[in-house]
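Okay, structure first, notes after.
The values are calculated or read from the model by the stated rules, or taken from the named source; none is laboratory data. From a predicted model like this one, the values you see are computed outputs, not experimental measurements. For neighbour counting, all protein chains shown are included, and Cβ atoms are generated from backbone atoms with ideal geometry for every residue, glycine included. The area values use the complete protein model at the heavy-atom level, side chains included, leaving out ligands, DNA and RNA. Shrake-Rupley method; radii C 1.70, N 1.55, O 1.52, S 1.80 Å.
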Amino acid sequence: MQPIRFSILGLILILFVLCGEQAPIESSTTGLESTELSALADEVRSETLRSWKAYKTYAWGHDVLAPISRTHRDWYSEPLYISPIDAYSTLVLMGFDEEASEVERYVVDSLSFDKDVDVKIFEVNIRILGGLLSMYSHCKNPQVLDKARDFADRMLPAFNTPTGIPRYWVNLQTGESRGDTVNVAEAASYTFELGVLSHFTGDAKYYETGKRATRAVFNRRSDLNLIGEIIDVSTGGWVSTQSHICAGVDSYYEYLLKSWVLFQDEELKEIWDVSLPVIHQYLADEYEGQLWYGRSDMHTGEHVSSMVTLYDAFFPAMLALSSDTARAVRLQSTWASLWNKYGLEPMVYDYRTGEPGYPVYDLNPEIMESAYYLSRITGDPQFVEMNKGFWEDLKTHCRTDVAFASVENVATMEPRDYMPTFFFAETLKYLYLTFSPNLQGVHLEDCVFTTEAHPFRKVDFTEFNVLGQ
Ligand code: DMJ
(Lines give C-alpha, C1' and ligand atoms only; values in the text may rest on other atoms or scores of the structure.)
Protein backbone atom coordinates (compact mmCIF):
# COMPACT_ATOMS: atom_id res chain seq x y z
CA MET A 1 0.00 0.00 0.00
CA GLN A 2 1.44 3.30 -1.13
CA PRO A 3 0.68 5.36 2.02
CA ILE A 4 2.44 2.85 4.24
CA ARG A 5 5.51 2.80 2.00
CA PHE A 6 5.58 6.58 2.23
CA SER A 7 5.17 6.43 5.96
CA ILE A 8 8.28 4.27 6.34
CA LEU A 9 10.26 6.49 3.96
CA GLY A 10 9.25 9.50 5.96
CA LEU A 11 10.21 7.86 9.20
CA ILE A 12 13.64 6.93 7.88
CA LEU A 13 14.21 10.51 6.76
CA ILE A 14 13.09 11.78 10.14
CA LEU A 15 15.57 9.52 11.89
CA PHE A 16 18.33 10.87 9.63
CA VAL A 17 17.35 14.40 10.39
CA LEU A 18 17.26 13.72 14.07
CA CYS A 19 20.33 12.97 15.16
CA GLY A 20 8.96 45.63 24.66
CA GLU A 21 8.23 45.80 28.04
CA GLN A 22 6.03 43.43 29.72
CA ALA A 23 3.55 43.77 32.50
CA PRO A 24 5.17 42.14 35.54
CA ILE A 25 3.58 38.83 36.38
CA GLU A 26 2.73 38.33 40.01
CA SER A 27 4.43 35.25 41.38
CA SER A 28 1.06 34.11 42.73
CA THR A 29 -0.16 33.58 39.12
CA THR A 30 2.60 31.05 38.61
CA GLY A 31 1.26 28.89 41.44
CA LEU A 32 4.63 28.73 43.13
CA GLU A 33 5.91 30.92 45.93
CA SER A 34 8.31 33.51 44.56
CA THR A 35 11.13 32.00 46.62
CA GLU A 36 10.57 28.57 45.09
CA LEU A 37 10.34 30.08 41.64
CA SER A 38 13.58 31.99 41.98
CA ALA A 39 15.26 28.89 43.41
CA LEU A 40 14.22 26.98 40.30
CA ALA A 41 15.49 29.75 38.04
CA ASP A 42 18.80 29.81 39.95
CA GLU A 43 19.10 26.08 39.63
CA VAL A 44 18.52 26.10 35.86
CA ARG A 45 21.02 28.94 35.58
CA SER A 46 23.71 27.15 37.57
CA GLU A 47 23.13 23.88 35.67
CA THR A 48 23.53 25.84 32.44
CA LEU A 49 26.84 27.24 33.67
CA ARG A 50 27.97 23.78 34.78
CA SER A 51 27.14 22.35 31.34
CA TRP A 52 28.78 25.29 29.60
CA LYS A 53 31.97 24.78 31.61
CA ALA A 54 31.93 21.11 30.59
CA TYR A 55 31.60 22.14 26.96
CA LYS A 56 34.53 24.51 27.41
CA THR A 57 36.68 21.96 29.17
CA TYR A 58 36.09 19.00 26.87
CA ALA A 59 34.81 20.38 23.57
CA TRP A 60 35.89 24.02 23.10
CA GLY A 61 36.28 24.85 19.41
CA HIS A 62 34.13 21.89 18.40
CA ASP A 63 30.48 21.42 17.61
CA VAL A 64 29.08 19.30 20.41
CA LEU A 65 29.95 17.96 23.87
CA ALA A 66 29.95 14.19 24.41
CA PRO A 67 29.09 14.35 28.13
CA ILE A 68 29.81 10.78 29.15
CA SER A 69 33.12 10.11 27.41
CA ARG A 70 33.99 13.76 28.11
CA THR A 71 35.10 14.57 24.65
CA HIS A 72 33.67 16.29 21.62
CA ARG A 73 31.96 15.51 18.35
CA ASP A 74 31.91 17.48 15.12
CA TRP A 75 29.09 17.33 12.62
CA TYR A 76 31.41 17.44 9.60
CA SER A 77 35.08 16.90 8.79
CA GLU A 78 35.82 20.37 10.17
CA PRO A 79 34.17 22.00 13.21
CA LEU A 80 31.75 24.89 12.77
CA TYR A 81 31.50 25.87 16.48
CA ILE A 82 27.78 25.09 16.52
CA SER A 83 27.15 24.67 20.29
CA PRO A 84 28.58 28.07 21.31
CA ILE A 85 26.81 29.93 18.50
CA ASP A 86 23.56 28.22 19.48
CA ALA A 87 24.20 28.81 23.21
CA TYR A 88 24.98 32.54 22.95
CA SER A 89 21.43 33.90 23.25
CA THR A 90 20.81 31.73 26.32
CA LEU A 91 24.07 32.86 27.96
CA VAL A 92 23.03 36.48 27.40
CA LEU A 93 19.51 35.95 28.70
CA MET A 94 20.85 34.34 31.88
CA GLY A 95 23.34 37.17 32.42
CA PHE A 96 26.52 35.21 31.63
CA ASP A 97 28.05 38.23 29.93
CA GLU A 98 31.71 37.19 30.11
CA GLU A 99 30.96 33.79 28.63
CA ALA A 100 28.88 35.38 25.89
CA SER A 101 31.61 37.93 25.07
CA GLU A 102 34.11 35.13 24.77
CA VAL A 103 31.92 33.43 22.17
CA GLU A 104 31.52 36.71 20.29
CA ARG A 105 35.31 37.24 20.25
CA TYR A 106 35.92 33.72 19.00
CA VAL A 107 33.37 34.13 16.22
CA VAL A 108 34.92 37.42 15.08
CA ASP A 109 38.61 36.53 15.51
CA SER A 110 38.90 32.80 14.92
CA LEU A 111 35.97 31.41 12.96
CA SER A 112 36.08 31.09 9.19
CA PHE A 113 33.31 29.53 7.14
CA ASP A 114 35.61 29.13 4.14
CA LYS A 115 35.67 25.37 4.63
CA ASP A 116 35.43 22.57 2.12
CA VAL A 117 32.52 20.85 3.85
CA ASP A 118 29.02 19.91 2.72
CA VAL A 119 26.53 21.13 5.33
CA LYS A 120 22.84 20.37 5.87
CA ILE A 121 21.22 23.63 4.91
CA PHE A 122 18.22 23.34 7.22
CA GLU A 123 20.27 22.57 10.31
CA VAL A 124 22.89 25.26 9.79
CA ASN A 125 20.28 27.88 8.96
CA ILE A 126 18.46 27.51 12.28
CA ARG A 127 21.56 27.05 14.44
CA ILE A 128 24.43 29.01 12.82
CA LEU A 129 22.68 31.76 10.85
CA GLY A 130 19.93 32.14 13.48
CA GLY A 131 22.52 32.13 16.29
CA LEU A 132 24.74 34.73 14.60
CA LEU A 133 21.82 37.03 13.84
CA SER A 134 20.64 36.80 17.41
CA MET A 135 24.19 37.58 18.55
CA TYR A 136 24.24 40.65 16.33
CA SER A 137 20.83 41.82 17.52
CA HIS A 138 22.25 41.82 21.05
CA CYS A 139 25.86 42.99 20.68
CA LYS A 140 25.44 45.16 17.53
CA ASN A 141 29.01 44.29 16.51
CA PRO A 142 29.12 44.86 12.71
CA GLN A 143 31.75 42.13 12.36
CA VAL A 144 29.19 39.63 13.66
CA LEU A 145 26.71 40.79 11.03
CA ASP A 146 29.45 40.37 8.42
CA LYS A 147 29.90 36.78 9.58
CA ALA A 148 26.17 36.14 9.37
CA ARG A 149 25.99 37.59 5.89
CA ASP A 150 29.05 35.65 4.78
CA PHE A 151 27.45 32.48 6.06
CA ALA A 152 24.12 33.16 4.34
CA ASP A 153 25.91 33.93 1.07
CA ARG A 154 27.47 30.49 1.31
CA MET A 155 24.02 28.96 1.84
CA LEU A 156 22.24 30.73 -1.01
CA PRO A 157 23.63 28.66 -3.93
CA ALA A 158 21.58 25.73 -2.63
CA PHE A 159 18.42 27.65 -3.57
CA ASN A 160 19.40 27.78 -7.26
CA THR A 161 16.95 25.08 -8.26
CA PRO A 162 14.05 25.08 -10.73
CA THR A 163 11.58 25.36 -7.85
CA GLY A 164 13.52 27.68 -5.55
CA ILE A 165 13.45 24.98 -2.88
CA PRO A 166 17.02 24.38 -1.63
CA ARG A 167 18.93 21.16 -2.10
CA TYR A 168 19.70 19.22 1.08
CA TRP A 169 23.48 19.84 1.18
CA VAL A 170 25.63 22.81 0.18
CA ASN A 171 29.42 23.07 0.15
CA LEU A 172 30.46 26.16 2.13
CA GLN A 173 33.52 26.77 -0.06
CA THR A 174 32.43 25.89 -3.57
CA GLY A 175 28.68 26.47 -3.34
CA GLU A 176 28.04 23.11 -4.98
CA SER A 177 24.80 21.59 -3.78
CA ARG A 178 23.33 18.11 -3.85
CA GLY A 179 20.33 16.20 -2.56
CA ASP A 180 17.17 16.68 -4.62
CA THR A 181 14.78 15.11 -2.12
CA VAL A 182 13.93 17.10 0.97
CA ASN A 183 11.20 17.11 3.55
CA VAL A 184 8.96 20.16 3.91
CA ALA A 185 10.78 21.52 6.97
CA GLU A 186 14.04 21.39 5.02
CA ALA A 187 12.30 22.85 1.97
CA ALA A 188 10.65 25.91 3.43
CA SER A 189 11.73 27.02 6.94
CA TYR A 190 13.87 30.02 5.94
CA THR A 191 11.68 33.13 6.02
CA PHE A 192 12.55 33.96 9.65
CA GLU A 193 16.36 33.94 9.55
CA LEU A 194 16.59 35.24 5.97
CA GLY A 195 14.02 37.93 6.76
CA VAL A 196 16.00 39.09 9.78
CA LEU A 197 19.14 39.22 7.65
CA SER A 198 17.37 41.26 4.96
CA HIS A 199 16.20 43.67 7.62
CA PHE A 200 19.65 44.07 9.20
CA THR A 201 21.48 44.43 5.87
CA GLY A 202 18.83 46.24 3.83
CA ASP A 203 19.20 43.61 1.11
CA ALA A 204 15.84 42.12 0.19
CA LYS A 205 17.31 39.16 -1.71
CA TYR A 206 17.58 36.99 1.40
CA TYR A 207 13.93 37.29 2.36
CA GLU A 208 12.84 36.88 -1.25
CA THR A 209 14.80 33.64 -1.39
CA GLY A 210 13.12 32.31 1.73
CA LYS A 211 9.68 33.32 0.55
CA ARG A 212 10.16 31.76 -2.87
CA ALA A 213 10.80 28.41 -1.22
CA THR A 214 7.74 28.79 1.01
CA ARG A 215 5.52 29.72 -1.94
CA ALA A 216 6.90 26.75 -3.89
CA VAL A 217 5.63 24.37 -1.24
CA PHE A 218 2.28 26.08 -0.68
CA ASN A 219 1.59 26.32 -4.43
CA ARG A 220 1.89 22.57 -4.67
CA ARG A 221 -0.88 21.93 -2.14
CA SER A 222 -3.67 19.54 -2.98
CA ASP A 223 -7.27 20.39 -3.78
CA LEU A 224 -7.92 19.88 -0.06
CA ASN A 225 -5.27 22.57 0.71
CA LEU A 226 -3.04 19.97 2.33
CA ILE A 227 0.69 19.70 1.62
CA GLY A 228 2.73 16.52 1.55
CA GLU A 229 5.85 15.52 3.40
CA ILE A 230 8.75 15.03 0.96
CA ILE A 231 9.31 16.94 -2.27
CA ASP A 232 11.69 16.86 -5.24
CA VAL A 233 13.44 20.25 -5.52
CA SER A 234 13.96 19.91 -9.28
CA THR A 235 10.58 18.71 -10.46
CA GLY A 236 8.47 20.00 -7.58
CA GLY A 237 6.75 16.62 -7.48
CA TRP A 238 5.72 15.11 -4.17
CA VAL A 239 7.80 12.08 -3.16
CA SER A 240 5.63 11.46 -0.11
CA THR A 241 2.04 12.62 -0.11
CA GLN A 242 1.65 12.05 3.60
CA SER A 243 0.40 15.19 5.33
CA HIS A 244 1.25 15.90 8.98
CA ILE A 245 2.70 18.44 11.42
CA CYS A 246 5.40 16.11 12.74
CA ALA A 247 9.21 16.19 12.46
CA GLY A 248 9.99 16.78 8.80
CA VAL A 249 7.20 19.35 8.37
CA ASP A 250 6.83 21.19 11.72
CA SER A 251 8.90 24.36 11.21
CA TYR A 252 7.25 25.08 7.82
CA TYR A 253 4.05 25.87 9.71
CA GLU A 254 5.92 27.46 12.59
CA TYR A 255 7.61 29.96 10.27
CA LEU A 256 4.39 30.96 8.51
CA LEU A 257 3.00 32.10 11.83
CA LYS A 258 6.17 33.47 13.43
CA SER A 259 7.30 35.34 10.31
CA TRP A 260 3.86 36.93 10.19
CA VAL A 261 4.09 37.93 13.86
CA LEU A 262 7.59 39.43 13.48
CA PHE A 263 7.39 40.94 9.98
CA GLN A 264 3.62 41.46 9.61
CA ASP A 265 3.83 39.91 6.14
CA GLU A 266 0.20 39.44 5.05
CA GLU A 267 1.07 36.84 2.44
CA LEU A 268 2.43 34.46 5.08
CA LYS A 269 -0.61 35.11 7.26
CA GLU A 270 -2.86 34.16 4.34
CA ILE A 271 -0.96 30.90 3.85
CA TRP A 272 -1.26 30.16 7.57
CA ASP A 273 -5.00 30.97 7.49
CA VAL A 274 -5.55 28.55 4.60
CA SER A 275 -3.42 25.83 6.22
CA LEU A 276 -4.66 25.80 9.80
CA PRO A 277 -8.32 24.82 9.22
CA VAL A 278 -7.36 21.77 7.13
CA ILE A 279 -4.84 20.69 9.76
CA HIS A 280 -7.77 20.54 12.18
CA GLN A 281 -10.12 18.99 9.62
CA TYR A 282 -7.93 16.21 8.26
CA LEU A 283 -5.09 15.61 10.74
CA ALA A 284 -6.72 16.05 14.15
CA ASP A 285 -7.58 12.67 15.61
CA GLU A 286 -9.58 12.17 18.79
CA TYR A 287 -8.38 8.93 20.27
CA GLU A 288 -9.43 7.57 23.66
CA GLY A 289 -10.46 11.01 24.85
CA GLN A 290 -7.24 12.71 23.82
CA LEU A 291 -6.49 15.14 20.99
CA TRP A 292 -3.71 14.02 18.63
CA TYR A 293 -2.63 15.15 15.17
CA GLY A 294 -1.96 12.11 12.97
CA ARG A 295 -1.01 11.57 9.35
CA SER A 296 -3.34 11.68 6.34
CA ASP A 297 -2.95 11.51 2.59
CA MET A 298 -2.80 15.04 1.11
CA HIS A 299 -5.11 14.15 -1.79
CA THR A 300 -7.79 12.06 -0.11
CA GLY A 301 -7.56 13.37 3.45
CA GLU A 302 -7.73 9.79 4.68
CA HIS A 303 -5.93 8.94 7.92
CA VAL A 304 -2.87 6.77 7.13
CA SER A 305 -0.82 6.66 10.34
CA SER A 306 -0.93 7.42 14.05
CA MET A 307 2.86 7.73 14.31
CA VAL A 308 3.80 11.06 15.93
CA THR A 309 7.13 12.59 16.94
CA LEU A 310 8.06 14.56 20.02
CA TYR A 311 8.73 17.58 17.78
CA ASP A 312 4.91 17.80 17.41
CA ALA A 313 4.72 19.23 20.92
CA PHE A 314 5.64 22.60 19.32
CA PHE A 315 2.03 22.84 18.15
CA PRO A 316 0.32 23.84 21.41
CA ALA A 317 2.62 26.89 21.39
CA MET A 318 1.53 27.72 17.84
CA LEU A 319 -2.14 27.31 18.72
CA ALA A 320 -1.70 29.53 21.77
CA LEU A 321 0.15 32.14 19.68
CA SER A 322 -2.75 32.14 17.23
CA SER A 323 -5.27 32.63 20.08
CA ASP A 324 -6.70 29.11 20.05
CA THR A 325 -5.98 28.65 23.74
CA ALA A 326 -8.58 25.97 24.42
CA ARG A 327 -7.17 23.62 21.80
CA ALA A 328 -3.63 24.43 22.87
CA VAL A 329 -4.40 23.46 26.47
CA ARG A 330 -6.00 20.16 25.39
CA LEU A 331 -3.12 19.24 23.13
CA GLN A 332 -0.52 20.12 25.74
CA SER A 333 -2.27 17.82 28.15
CA THR A 334 -1.96 14.99 25.60
CA TRP A 335 1.77 15.55 25.34
CA ALA A 336 2.20 15.84 29.10
CA SER A 337 0.47 12.49 29.53
CA LEU A 338 2.91 10.90 27.08
CA TRP A 339 5.85 12.43 28.94
CA ASN A 340 4.49 11.18 32.25
CA LYS A 341 4.01 7.67 30.89
CA TYR A 342 7.78 7.33 30.63
CA GLY A 343 9.26 10.21 32.63
CA LEU A 344 10.68 11.54 29.34
CA GLU A 345 9.32 11.31 25.77
CA PRO A 346 10.20 8.87 22.99
CA MET A 347 11.24 10.47 19.70
CA VAL A 348 8.57 8.57 17.74
CA TYR A 349 5.36 7.13 19.21
CA ASP A 350 2.25 5.42 17.89
CA TYR A 351 -0.70 6.76 19.89
CA ARG A 352 -3.02 3.99 18.73
CA THR A 353 -0.78 1.08 19.68
CA GLY A 354 0.74 2.92 22.65
CA GLU A 355 4.23 1.81 21.54
CA PRO A 356 7.34 3.91 20.84
CA GLY A 357 8.51 3.82 17.20
CA TYR A 358 11.96 5.12 18.14
CA PRO A 359 12.67 5.33 21.87
CA VAL A 360 15.46 7.93 21.96
CA TYR A 361 15.03 11.18 23.92
CA ASP A 362 17.48 13.83 22.80
CA LEU A 363 16.97 16.54 25.47
CA ASN A 364 14.41 18.10 23.13
CA PRO A 365 12.62 21.31 24.13
CA GLU A 366 9.22 21.35 22.42
CA ILE A 367 7.02 20.25 25.30
CA MET A 368 8.71 22.78 27.62
CA GLU A 369 8.47 25.47 24.95
CA SER A 370 4.69 24.96 24.76
CA ALA A 371 4.35 24.92 28.55
CA TYR A 372 6.25 28.24 28.61
CA TYR A 373 3.96 29.80 25.95
CA LEU A 374 0.88 28.59 27.79
CA SER A 375 2.17 29.87 31.13
CA ARG A 376 2.59 33.35 29.59
CA ILE A 377 -0.58 33.40 27.52
CA THR A 378 -3.05 31.85 29.97
CA GLY A 379 -1.41 32.77 33.29
CA ASP A 380 -2.56 29.35 34.48
CA PRO A 381 -0.15 28.06 37.16
CA GLN A 382 -0.46 24.47 35.95
CA PHE A 383 2.01 25.21 33.14
CA VAL A 384 4.74 26.44 35.48
CA GLU A 385 4.14 23.32 37.55
CA MET A 386 4.38 21.28 34.38
CA ASN A 387 7.80 22.64 33.51
CA LYS A 388 8.90 22.15 37.10
CA GLY A 389 8.01 18.46 36.70
CA PHE A 390 9.81 18.16 33.37
CA TRP A 391 12.89 19.80 34.88
CA GLU A 392 12.85 17.34 37.80
CA ASP A 393 12.70 14.45 35.31
CA LEU A 394 15.55 15.85 33.27
CA LYS A 395 17.69 16.04 36.41
CA THR A 396 16.72 12.51 37.40
CA HIS A 397 17.31 10.79 34.07
CA CYS A 398 19.68 12.95 32.03
CA ARG A 399 22.03 14.71 34.46
CA THR A 400 25.61 13.44 34.32
CA ASP A 401 28.73 14.19 36.34
CA VAL A 402 29.58 17.10 34.08
CA ALA A 403 26.47 18.12 32.10
CA PHE A 404 23.34 16.45 30.66
CA ALA A 405 23.02 13.53 28.23
CA SER A 406 20.35 12.25 25.86
CA VAL A 407 18.94 8.77 26.50
CA GLU A 408 18.93 5.83 24.08
CA ASN A 409 15.64 4.42 25.31
CA VAL A 410 13.01 6.06 27.50
CA ALA A 411 11.95 2.64 28.78
CA THR A 412 15.39 1.81 30.18
CA MET A 413 16.90 5.33 30.53
CA GLU A 414 20.16 4.03 29.09
CA PRO A 415 22.25 7.17 28.50
CA ARG A 416 23.46 8.37 25.13
CA ASP A 417 26.82 10.09 24.91
CA TYR A 418 25.54 13.29 23.29
CA MET A 419 24.32 16.73 24.37
CA PRO A 420 22.64 18.40 21.36
CA THR A 421 23.27 22.07 20.66
CA PHE A 422 19.56 22.90 21.13
CA PHE A 423 19.81 21.88 24.78
CA PHE A 424 21.65 25.16 25.37
CA ALA A 425 19.66 27.11 22.77
CA GLU A 426 16.16 25.97 23.64
CA THR A 427 15.57 23.55 26.49
CA LEU A 428 17.43 25.42 29.21
CA LYS A 429 16.20 28.77 27.89
CA TYR A 430 12.49 27.90 27.98
CA LEU A 431 12.83 26.44 31.47
CA TYR A 432 14.66 29.51 32.72
CA LEU A 433 12.09 31.85 31.17
CA THR A 434 9.25 29.89 32.75
CA PHE A 435 10.80 30.27 36.20
CA SER A 436 11.76 33.96 35.64
CA PRO A 437 8.42 35.65 34.92
CA ASN A 438 9.63 39.17 35.65
CA LEU A 439 12.65 39.30 33.35
CA GLN A 440 12.33 42.49 31.33
CA GLY A 441 12.32 42.64 27.54
CA VAL A 442 12.90 38.97 26.75
CA HIS A 443 9.49 37.32 27.07
CA LEU A 444 6.93 36.28 24.50
CA GLU A 445 5.21 39.66 24.64
CA ASP A 446 8.43 41.38 23.53
CA CYS A 447 10.10 38.83 21.29
CA VAL A 448 9.53 36.25 18.64
CA PHE A 449 11.67 33.13 19.05
CA THR A 450 13.05 31.24 16.06
CA THR A 451 12.49 27.51 15.86
CA GLU A 452 15.85 27.24 17.65
CA ALA A 453 14.60 29.70 20.34
CA HIS A 454 16.79 32.62 19.28
CA PRO A 455 14.86 35.74 20.38
CA PHE A 456 14.27 38.82 18.22
CA ARG A 457 12.60 41.90 19.65
CA LYS A 458 9.42 42.91 17.84
CA VAL A 459 10.22 46.59 18.33
CA ASP A 460 13.32 46.20 16.12
CA PHE A 461 11.21 45.10 13.13
CA THR A 462 8.48 47.70 12.90
CA GLU A 463 9.82 48.98 9.55
CA PHE A 464 10.14 45.55 8.03
CA ASN A 465 7.14 45.62 5.73
CA VAL A 466 9.02 47.36 2.91
CA LEU A 467 11.06 44.26 2.13
CA GLY A 468 10.48 41.25 -0.09
CA GLN A 469 6.76 41.57 -0.63
C1 DMJ B 1 15.34 21.97 17.01
O2 DMJ B 1 16.54 21.83 16.37
C3 DMJ B 1 14.45 22.88 16.21
O4 DMJ B 1 13.44 23.36 17.06
C5 DMJ B 1 13.84 22.18 15.03
O6 DMJ B 1 12.97 23.00 14.25
C7 DMJ B 1 13.08 20.95 15.45
N8 DMJ B 1 13.33 20.57 16.80
C9 DMJ B 1 14.70 20.60 17.24
C10 DMJ B 1 14.84 20.18 18.69
O11 DMJ B 1 14.01 19.14 19.04
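Shape of the stretch 370-419 from its Cα gyration tensor (a ≥ b ≥ c, root eigenvalues): rounded if a/c is under 1.5, otherwise prolate when a/b > b/c, or oblate? Note, shape of the stretch 370-419 comes out prolate. Around the Cα centre of the stretch 350-469, unit charges on the Cβ atoms of Lys, Arg, Asp and Glu (plus for the first two, minus for the last two) sum to a dipole of about 260 debye.
Distance in nm between label sites at ARG50 and ASP460, each 7 Å beyond Cα in the beta-carbon direction? Taking the simple label geometry, ARG50 and ASP460 are separated by 3.2 nm.
Checking the cross-link pairs LYS205/LYS258; LYS211/LYS258; LYS258/LYS458 against a 18 Å limit on the alpha carbon distance flags LYS205/LYS258 as lying beyond it. Amide H to amide H distances under 5 Å link VAL304 with ARG295, SER296, ASP297, where only residues 5 or more positions off or on other chains count and H is placed in the peptide plane.
Sequence-ordered 3J(HN,Hα) estimates for the stretch 242-257 from the Karplus curve with 6.51, -1.76 and 1.60 and θ = phi - 60° stand at 6, 10, 6, 10, 7, 3, x, 9, 2, 6, 4, 5, 4, 7, 4, 6 Hz, glycine and proline given as x.
Projecting the Cα atoms of SER337, TYR311, ASN387 onto the charge dipole of the chain, computed from C-beta unit charges around the Cα centre, puts TYR311 farthest toward the positive end. Projecting the Cα atoms of LEU428, HIS280, ILE165 onto the charge dipole of the chain (Cβ charges, centred on the Cα centre) puts ILE165 farthest toward the positive pole. In the chain, helices alone account for a calculated mean residue ellipticity at 222 nm of -14500 deg cm²/dmol, with every DSSP H run of four or more residues adding -39,500 (n - 2.57).
Normalised by residue count, the stretch 242-378 yields a Cα convex hull volume of 109 Å³ per residue.
Packing, as the average of other Cβ atoms within 10 Å across residues, places the peptides 112-119, 187-194, 443-450 in the order 187-194, 443-450, 112-119, highest first. Per atom type, the stretch 79-137 shows carbon and sulfur on 34% of its accessible surface, probed at 1.4 Å.
Protein heavy-atom accessible surface, 1.4 Å probe, per residue over the chain: 35 Å². Each Lys and Arg contributes +1 and each Asp and Glu -1, all at the Cβ; summed about the Cα centre of the chain, the dipole is approximately 480 debye. Using Cβ point charges alone (K and R +1, D and E -1), the dipole size of the stretch 192-279 about the Cα centre works out to roughly 120 debye. Across all Cα pairs in the chain, the calculated P(r) in 10 Å bins from zero up to the longest distance comes to 4, 21, 33, 29, 11, 1 percent per bin.
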